[in-house]
Structure formats: C-alpha cells, structure tokens
Amino acid sequence: MDAYSWLRPLFFRLPAETAHEYVTAGLRAVQSVGAARRALSTRYTYRHPALEVECFDTTFDNPVGVAAGFDKNARVFPALDALGFGFVEVGTVTPEPQAGNPRPRLFRLPKDRALVNRMGFNGDGVDRVRDRLETNREAGGPIGVNVGKMNDSDADEAIEDYLRVFEELSPYGEYFVVNVSCPNTPDEFDEDDPDHLRTIFETLQAANEDDAPLLVKIGPDSPTDSLYELVDIVEAYDLDGIVATNTTTSREGLRSTTDEWGGLSGKPLESRSTGVIKTIAGYTDLPIVGVGGVDSAESAYQKIRAGASLVQLYTGFVYNGPSTAREINRGLVERLHEDGFDTVSEAVGADLD
Ligand SMILES: Cc1cc2nc3c(=O)[nH]c(=O)nc-3n(C[C@H](O)[C@H](O)[C@H](O)COP(=O)(O)O)c2cc1C
C-alpha cells in the first residue's frame, strides 16, 4: 500500500493551504539530504527513452511537469525532480513580495477531485526566488519560470513588472511564461486585451537578448475567435509556445456545492482544457504545454494526442501523492506502445483531423 493512502486522510483534515505548507516543509527536509533525495529518486523516477521530449531547446526526461503555483517560490523544485517530474514551473513570481488574498483561499472538492483557489499571487518576490534558483539550480531538472505582476499595478506598471521578473530570472529558466490568465487577481484592466498583450510581448522580446523561449499562459474560458486572435498575436511576436490552460471560473458539472469564488482546477477542468488545446493545435504549430485535470496516464495521453508536447499538473498531485509522475509515465509508455508510437513526440496531435 502506498504511504500516501494513509497520509492523505490526515492531510485532508487540515486546511488545504496548511497541508500544502506541511508538504513543502517535508519536501525541503528531504531535498536537503543528498541520500534522502537520491532514495526518493530511486523510488519514484520512471525512465524510458520513449518519454524523452525535445522542446524549447531542452531535453526533458519525461513530459510530465509540475504546474505553476505548487512551487511558487522555488523552494522545492529539486525534491519535485526527485519525485520523477520531467520539469517544474516555478512561480507565478512577482517583482516584490506580495501577501495575496486573505485566508482561507484554497478549498478542496474531494467528490470532484478538484480544488478552488483564489490565492491571488502570494509570493516572496523575485529577489528571493532568484537567490534560491541560484543556490539550487544544479539540483533539479528543467525549470519554467512563470512571470507575473503586482496586483495593484495598472496596465503600464504591469509591463514593467513582467520585464523586471523576466530580466532578473532569465539566466535560470529553460522557458518563461507570461501569465495573463489568473482569474483571482483584482485587475484594474483587461489583462488579456490584445493591445496589452502586444505591448508585453514586444517589450519582453526586445529585452530577450539570449532568445530564451517565451510562452503565454491562457485561460480555458475564452471563445474560439479570441483564441485564434491570441495565437495570431503570439506568432506575430515570435513567442515560442502556449501553456493551456489556467483554472476556470465555471462551476459547470460539479457534484460538490461550493460558494467559494476563485479558479477551479482538477477533474472538472479536464475536458475544457483539452478542448482548448485541440483548438489551438489545429490552428498553429507552436508547442503547447497542456494543463488542466491531468491525474493519470490516460488523461496525460489525451492531452498529448490533442496536441500538447508537454503536460503539467497541480491538483492531480494533491489527490494522488508522490507516485503521480511515476504512474503517469509508466502508463504513457504502455499507451504509446499499444498505439505503435516509439516516442511521446510521435503521438503529439494524433487526435487532430
Ligand atoms: C493553489 C493553486 C495555485 C495556483 N497558482 C498559480 C500561479 O501562481 N500561476 C499560474 O499560472 N497558475 C497557477 N495555478 C494554476 C495551475 O498552474 C494550473 O494551470 C491549474 O491548476 C490547472 O491544472 P490542474 O487541474 O492540474 O490543477 C494554481 C493552481 C492552484 C490549484
């Protein structure tokens, strides 16, 4: 029996954010001892040549990453690497420390294998994140950096915010994500307004001297026309990919009742985000990082077949625990084999007409 099947009920008795803090503390303790980290890696890492993915000028050992929000402050990415994840997206990182919304702000919906969060970009700020990345860089695998802004910034200040975080962290990431899709921040302006996006992308690309891969993270709730418009802008400014998707404000199809406002993640988001991936993949050849409701080999495989080159998860990890990446990767290899694919990359977009 996996240890998590008895640990999870204990964690689930705690408020969700407190449980997350315990988990983070545990992961930090483990990663600080080399032998413990290696033991974790031996137990939880599943390697297979079919899982290797070349993307964003980087070789990923496997396509299953940890989504933004889990390791906001770059504290535990080496432990997540030891748990067999192919990459970790740290952040969202803001230029200054920020408290986020008042607690409680993270809620479990176990009947739906979902979470609702309205964290609101709480974080330690870019300087501390940079120090941690600098100290531990060699210990982990590929890193994505999710770049954000302060909650009280207006549209012009927001551009300065993104630029500062990007410039300070550009030596430390394999790719960078402009996050314009958080449903939980009190924006004074329309974050994904096309003109605003153009200015952000233009500013960041002008500062992007080393040609670091730059992506944008989008929400799941936009109509198809807006998705196409966004992809046109992304291509016009030579961005390198799209992370799809963030959480949804919809509460459609939930079994639980909840009045909590915020972004919904996990199983109820799965088909919505896979639909967005398919729509985008049918329209562009840009690489897509698929996220939303991935918690099993089957759900990861569906996103890959829909057009995702890499996948990520957050909520599935909360519900399934430390063996999540290993089980998904093992199952992916089986599915690839059954369908006659030699590598993950061969299966990308297999469901597109
Ligand atoms: C508690 C929590 C915090 C999150 N924080 C961020 C964040 O800071 N930046 C971001 O881009 N996405 C954030 N997300 C969204 C996730 O990265 C992901 O897009 C979303 O949860 C869907 O994936 P999942 O169903 O696997 O959880 C957060 C999600 C959760 C549950």
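The values are calculated or read from the model by the stated rules, or taken from the named source; none is laboratory data. The structure displayed is predicted, hence computed values, not measured ones. Here the Cβ positions follow ideal geometry from the backbone for every residue, glycine too, while neighbour counts run over all protein chains shown. Accessible surface is based on the protein model in full, side chains and every heavy atom, while ligands, DNA and RNA are left aside. Shrake-Rupley method; radii C 1.70, N 1.55, O 1.52, S 1.80 Å.
Numbers for the structure displayed
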quantity: Hz values of 3J(HN,Hα) by residue in the range 342-351 - Karplus curve (6.51, -1.76, 1.60), Gly and Pro given as x; calculated: 7, 9, 4, 4, 5, 8, 4, x, 4, 8
quantity: Rounded accessible area of HIS48 (nearest 10 Å², 1.4 Å probe); calculated: 70 Å²
quantity: Relative contact order [Cα under 8 Å, 6+ residues apart], the chain, whole percent; calculated: 18 percent
quantity: GNM result for the chain, Cα springs below 10 Å: residue of PHE87, PHE56, PHE176 fluctuating most strongly; calculated: PHE56
quantity: Gap separating the Cα centres of the range 128-149 and the range 153-174, nearest whole Å; calculated: 14 Å
quantity: Residue-level accessible surface for ASP221, protein heavy atoms, 1.4 Å, Å²; calculated: 70 Å²
quantity: Scattering profile of the range 28-73 at q = 0.22, 0.24 Å⁻¹ [log10 I(q)/I(0), Debye over alpha-carbon scatterers]; calculated: -1.00, -1.02
quantity: Solution diffusion estimate, µm²/s, Stokes-Einstein, the range 1-122, Kirkwood Rh from C-alpha pairs, 4 °C, viscosity 1.567 mPa s; calculated: 80 µm²/s
quantity: The chain: Rg to Rh, with Rh as the Kirkwood radius over Cα pairs; calculated: 0.93
quantity: Cα convex hull of the range 1-67 - mean projected area over all directions, nm²; calculated: 6.4 nm²
quantity: The range 154-166 - phi-based ³J(HN,Hα) in whole Hz, Karplus 6.51/-1.76/1.60, Gly and Pro as x; calculated: 7, 4, 6, 5, 4, 5, 4, 4, 4, 4, 5, 5, 4
quantity: Binned Cα-Cα distances of the range 220-353, short to long, each 10 Å bin given as a whole percent; calculated: 12, 40, 34, 13, 1
quantity: For the range 54-104: Kirkwood Rh in Å [reciprocal of mean 1/r, alpha carbons]; calculated: 12.4 Å
quantity: Computed P(r) (all Cα pairs; the range 147-246; 5 Å bins; percent); calculated: 2, 13, 26, 27, 20, 10, 2, 0
quantity: Amide H contacts under 5 Å for LEU313, placed H, 5+ residues apart; calculated: GLY65, VAL66, ALA67
quantity: Mean residue ellipticity (222 nm) of the chain, computed from DSSP H runs ≥ 4 via -39,500 (n - 2.57), nearest 500; calculated: -12500 deg cm²/dmol
quantity: Other-chain or far-sequence residues with amide H under 5 Å of THR92's (modelled H); calculated: GLY69
quantity: Enclosed volume per residue, in Å³, of the convex hull spanned by Cα atoms of the range 193-234; calculated: 67 Å³
quantity: Listed residues ALA236, ALA67, ALA300, most fluctuating in the chain (Gaussian network, C-alpha, under 10 Å); calculated: ALA236
quantity: Separation in nanometres of the label points that stand 7 Å from Cα toward Cβ, at ASP156 and THR42; calculated: 6.0 nm
quantity: GNM result for the chain, Cα springs below 10 Å: residue of ARG13, ARG43, ARG164 fluctuating most strongly; calculated: ARG13
quantity: Antiparallel content of DSSP bridges confined to the range 4-347, in %, to 5; calculated: 30 percent
quantity: Average accessible surface area per residue within the range 195-245, 1.4 Å rolling probe, Å²; calculated: 43 Å²
quantity: Where THR42, THR224, THR94 fall by accessible area, highest first, once all protein chains stay in place (1.4 Å); calculated: THR42, THR224, THR94
quantity: ³J(HN,Hα) computed for each position of the range 193-201 - Karplus, 6.51 cos²θ - 1.76 cosθ + 1.60, integer Hz, glycine/proline x; calculated: 4, x, 5, 4, 4, 4, 5, 4, 5
